[in-house]
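The values are calculated or read from the model by the stated rules, or taken from the named source; none is laboratory data. It should be emphasised that the depicted structure is a prediction, and the values quoted were computed from it without experimental measurement. Cβ placement follows ideal geometry from the backbone for every residue including glycine, while neighbour counts extend to all protein chains displayed. Accessible surface areas use protein heavy atoms only, side chains included; no ligands, DNA or RNA. Shrake-Rupley method; radii C 1.70, N 1.55, O 1.52, S 1.80 Å.
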Amino acid sequence: MEIIVSKYCKNFDYEIDFIVDKKLGKDLKKEAEFLGFTFGECEIVNIQSAKKILVSIKDSSDKENFKIGACKALKLLKTFQVESVKVNTPAEKDAVAEGLFLGNYTFDKYKSEKKKSKLKKIFIEGSDKEKISIENVAKVSKYVNFARDLVNSHPEEIYPESFVKVVKKEIKDLPISCKVLEQKELEKENMGSLLAVARASRHEPRVMHLTYKPKNAKTKVVLVGKGLTYDSGGLSLKPADFMTTMKSDKSGGVAVTASICAAASLGLDVEVHAIVGLVENMIGGDAYKPDDVLVARNGKTIEVKNTDAEGRLVLADCLDYACDLKPDYLIDMATLTGACVVALGDYSTGIMGHNGKLKHQMFSASEKSGELVGSLPFNRYLKELIKSPIADMSNIGSSRYGGAITAGLFLDNFVREEYKDKWLHLDIAGPAFVEKEWGYNPHGGSGAGVRLITEFLKDI
Ligand code: BES
Ligand code: ZN
Ligand code: ZN
């Protein structure tokens, strides 16, 4: 499916009309109401006689309504024998286009029979300026969909080595360089925490370091992602029902990868690094154990109390590596805790950090991107919960409560003093992978974090 923006559009089979403020001509109004159309939020109705799908927008100040409405109309149209469509909207063409690009996504790689739709072209009338703007929406959406594909791919296909291979192919035409640390180099780097998690897997770990360095960049952003290509829980094995979907435990790594691609593709004037800790958490005779004491890259010791709290162990070494790059902004993204999903629900990313102003910058990126976030505040009492009697810290909190925050506070130990105020931790355990469709997101990987970070990068 292709979206074509031009000043005049003719020769189309069908139309999508966005109806804002109930502004609808008498003829169509009668028929629409006859068909049960009530002008609800993002409600659609197909008027066969006029070859139109109507989309009602009650609150036109919320761009999300245009995205969701566009997605609904597209899904219905794809079941028709229609090749070309024109979209008529009084406002928010970017949002409509985004709803179409993201709503058109399907993951049918593993289906032997693929559903095909006739729909080829969608026309939007617009000026040259609007055309450029929609092209930029297309670029970001492309990487959101790339992220979804990578997250949805199963763990025998995507493991640390093959993850790097897929990314190298994807960045071929982008001004991004890629450095990969393999087993030997990780040992030389003293990444004892990351290496312990990786030990029982037949797939060696990797740390992938992507760099986008435009000329005259004024700020340097270092992104760090949790790339657990599978999380079985390790010896603290997950129960069967919790293990499924854990191919999605690489979503943070995928999101930072897709975000740097989006930044490079838009040509943003920010230097961006993406560090991805790629590891598979498995069981076996060589597995790391509850009771082990690990030494992280920064020299701190960690008492392992639960091998399923592995993401923070991988991020620990990656965050310390990231500090070497002297970031102006340091942001990590991870499907880190089930507790974050308990706190905020499936659809929101948990934001943690020490700097209120920086958090607000991320809230504003949330507003602009449409990605939902919620703040989870640190405090001194929760910090007590990760103390260990025998090591510098324990890898889990001693209470049943506050697990998303204690995980964030664990990571804090690996962010050097001078970067504490430049750091944000984003827990995407909820929205990264949802086992049902929501809005313009598909079942499975959503690409959470990509639009959020891209908006953040645009603003700094
Ligand atoms: N990858 C999981 C977190 C997760 C859970 C992500 C559900 C997405 C959906 C993480 O490695 C994990 O297992 N965390 C444990 C931590 C606990 C052992 C302290 C959890 O959340 O239960
Ligand atoms: Zn785990
Ligand atoms: Zn995990």
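Can you tell me how much longer the chain between LYS26 and ARG202 gets when fully stretched, taken as 0.36 nm per residue apart minus their C-alpha distance, in nm with one decimal?
Details: separation 176, 0.36 × 176 = 63.36 nm, distance 6.72 nm.
Between LYS26 and ARG202, full extension yields an extra 56.6 nm.
Direction-averaged shadow area of the convex hull around the Cα atoms of the stretch 174-315, nm²?
Working: hull surface 36.8 nm².
Average projection, Cα convex hull of the stretch 174-315: 9.2 nm².
Once Rh is set to the Kirkwood radius over Cα pairs, what Stokes-Einstein translational diffusion coefficient, in µm²/s, holds for the chain at a temperature of 4 °C and a viscosity of 1.567 mPa s? Before the final figure, lay out each step's value.
On the way: Rh = 23.0 Å.
Estimated diffusion coefficient is 56 µm²/s.
Using a 1.4 Å probe, how large is the accessible area of GLU187, given in Å² and rounded to the nearest 10?
It works out to around 90 Å².
Using alpha carbons only, how many degrees (0 to 90, rounded to 10) separate the axis of helix 403-412 from the longest principal axis of the chain?
The helix 403-412 is inclined about 60 degrees to the chain.
Can you list which of the trypsin sites (Lys or Arg not before Pro) found in the stretch 93-195 are DSSP loop residues with at most 15 other C-beta atoms within 10 Å?
Listed in order of number, the matching sites are LYS109, LYS111, LYS114, LYS115, LYS116, LYS118, LYS120, LYS172.
Between their Cα atoms, which of LYS111/LYS247; LYS63/LYS129; LYS184/LYS422 are more than 24 Å away from each other? Walk me through the intermediate numbers first.
Values: LYS111/LYS247 18 Å; LYS63/LYS129 19 Å; LYS184/LYS422 31 Å.
In this structure, LYS184/LYS422 lie more than 24 Å apart at Cα.
What list of ³J(HN,Hα) values in whole Hz, one per residue of the stretch 168-181 in order, does the Karplus curve 6.51 cos²θ - 1.76 cosθ + 1.60 (θ = phi - 60°) give from phi, with Gly and Pro shown as x?
These are the phi-based 3J(HN,Hα) values: 4, 5, 5, 8, 3, 9, 10, x, 10, 9, 10, 10, 10, 8 Hz.
Once you have the Kirkwood Rh of the stretch 1-129 from its Cα pairs, apply Stokes-Einstein at 4 °C and 1.567 mPa s and quote D in µm²/s. Walk me through the numbers before you get to the answer.
Values: Rh = 15.1 Å.
Result for D is 86 µm²/s.
Suppose accessible area is computed on protein heavy atoms with a 1.4 Å probe; arrange ARG206, ARG297, ARG199 from highest to lowest.
Working: ARG206 20, ARG297 50, ARG199 105 Å².
Listed by decreasing accessible area, they come as ARG199, ARG297, ARG206.
Convex hull volume of the Cα atoms in the stretch 102-198, per residue, in Å³?
Details: hull volume 15.5 nm³, N = 97.
It comes to 160 Å³ per residue, whole-number rounded.
Pulled fully out, how much extra length does the chain show between ASN216 and GLU130, if you take 0.36 nm times their separation in residues and subtract their Cα-Cα distance?
Details: separation 86, 0.36 × 86 = 30.96 nm, distance 2.75 nm.
Separation in residues times 0.36 nm, less the Cα-Cα distance, equals 28.2 nm.
Can you work out the FRET efficiency for the pair SER398 and GLU367, with r the C-beta to C-beta distance and R0 = 25 Å, to the nearest 0.05? Spell out each step's value before the answer.
On the way: r = 37 Å, r/R0 = 1.47.
After rounding, the FRET efficiency stands at 0.10.
In nm, to one decimal, how far is the modelled label at SER60 from the one at LYS111, with both set 7 Å along Cα→Cβ?
Going from the SER60 label point to the LYS111 one covers 3.6 nm.
Once the Cα atoms of helix 128-152 and of the chain are each reduced to a long axis, what angle between those two axes, in degrees from 0 to 90 to the nearest 10, is obtained?
Once rounded, one gets 50 degrees.
If you build the convex hull over the alpha carbons only and average its shadow over all orientations, what do you get for the stretch 277-384? Give it in nm² to one decimal. Walk me through the numbers on the way to the answer.
Details: hull surface 34.9 nm².
With the hull built on Cα positions only, its mean projection is 8.7 nm².
Can you tell me the equivalent ellipsoid semi-axes for the stretch 349-460? Use √(5λ) from the Cα gyration tensor, largest first, whole Å. Can you show the working numbers first?
Working: eigenvalues 154, 69, 22 Å².
Equivalent ellipsoid of the stretch 349-460: 28, 19, 10 Å, largest first.
Using only the alpha-carbon atoms, how far is helix 93-103 inclined from the longest principal axis of the chain? Give it as 0 to 90 degrees, nearest 10.
The angle comes out near 60 degrees.
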